[in-house]
Amino acid sequence: MTIFPDLRPCLAALAAALLCAPAFADDIQDASKLLKSGQHQQALERVNKLLAAKPKDAQARFLKGLIYADQGNAKDATEIFLQLTKDYPELPEPYNNLAVIYAAQGQYDKARGALEQSIRTHPSYATAYENLGDVYAKLASQAYDKALQIDSANAAAKNKLALVRDLVVSGGPTGAGTQPAVVAAAAPRKEAAVVAAIEAKPAPEKPAEKPAEKAAVAKPSNNEILDTVNSWAKAWASKNVDAHFAFYAKDFQTPGGETRADWEKARRQRISAPKSITVTVDGPKLSLSGDSQARVTFRQGYSSDVLKGAHTTKTLVLAKVDGRWLIQQERVGN
């Protein structure tokens, strides 16, 4: 049986969903850095100190679960993530990380259930979709292996098994270990590709188009889109509110469903209040839909004289309008 890539654990969106006091946020960041550097005991001591002050804090508890998982202590990590799903059923990350542990133990049905619940809580959580695709691929591979054990001459099962293996291997690993994925996964794709690889039949070849019949289509420039995102962040950091708003399309969908005027008023206040702001765009992942739609997911860093070291995963959905890329949606998480 082929060894498939590990599923992606994640911490990013949880940090954005549960903002805490600046000092506490700094302690969370310090503990996270210790974990990333492999200093598990020091990270655990820091988290336990935080939990002594705030026993119910979701971020600290989640980070403790990550530390246990990274140490190979699946039992205690599972208990933490399970309790978080009960205390904070609206958060997708604990379900996702439970799935990572279940998959590592070969419990793919349980992993699938956890990922489906993660998606129900956050339908746009791309990491869970990608992980679910990997779980489906693992289950499909097991089923085809079983079919070949029963009937080794089953050519159809051999071909389907090869397709699934080729699909997952060509997709590359989506992340290993139990460190949080600080860069969001690409747009959901693997689960659909698995089904297509299994069910699709070869389509009849179409005659090649003659050169004169091909329409000239201007392909969007990736650099142009990413430059737009960086300029959006720069206008925000420079506190140029009007320039910042100019990056949003007229049909921009406000995150909370409020009116555009109310959203701009609240955003203007948040940008104007701090004396200084720093905004960073790290590890952007770009996916295109045709020539006029794009999605960019990245790790956003934010600091000001009021809040230090806040990080979250941010997704911008952009459309090309009158030659410019403008933001139609802005979401926290994938």
Assuming R0 = 56 Å, what is the FRET efficiency of residue 74 and residue 154, from their Cβ-Cβ distance, to the nearest 0.05? 0.95
Measure out, as a whole number of angstrom, how far apart the alpha-carbon centroids of region 42-71 and region 278-306 sit. 28 Å
Whenever you get a sec, line up 325, 236 from highest to lowest accessible area (probe 1.4 Å, protein heavy atoms). 236, 325
At 1.4 Å probe size, put 234, 275 in order of accessible surface, largest to smallest. 275, 234
Sorted by accessible area (1.4 Å probe), largest first, how do 150, 271, 80 line up? 150, 80, 271
Would you kindly find the accessible area of residue 88, with a 1.4 Å probe and non-protein molecules such as ligands, DNA and RNA excluded, rounding to the nearest 10 Å²? 50 Å²
Report the Rg/Rh value for region 226-328, based on alpha-carbon coordinates and the Kirkwood definition of Rh. 0.95
Let me cross-check residue 260: its accessible surface, 1.4 Å probe, with only protein heavy atoms counted, in Å² to the nearest 10? 70 Å²
Links that overshoot a 30 Å alpha carbon limit, given the list 110/146; 64/285; 56/234; 75/160: 56/234; 75/160
Among 54-63, 310-319, the order from most to least packed when residues are scored by Cβ within 10 Å on average: 310-319, 54-63
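The values are calculated or read from the model by the stated rules, or taken from the named source; none is laboratory data. These numbers come from a predicted model, not from an experiment. Note that each Cβ is placed from the backbone with ideal geometry, even for glycine, and that neighbours are counted across all protein chains shown. Calculation scope for accessible area: heavy atoms of the full protein, side chains included, ligands and nucleic acids excluded. Shrake-Rupley method; radii C 1.70, N 1.55, O 1.52, S 1.80 Å.
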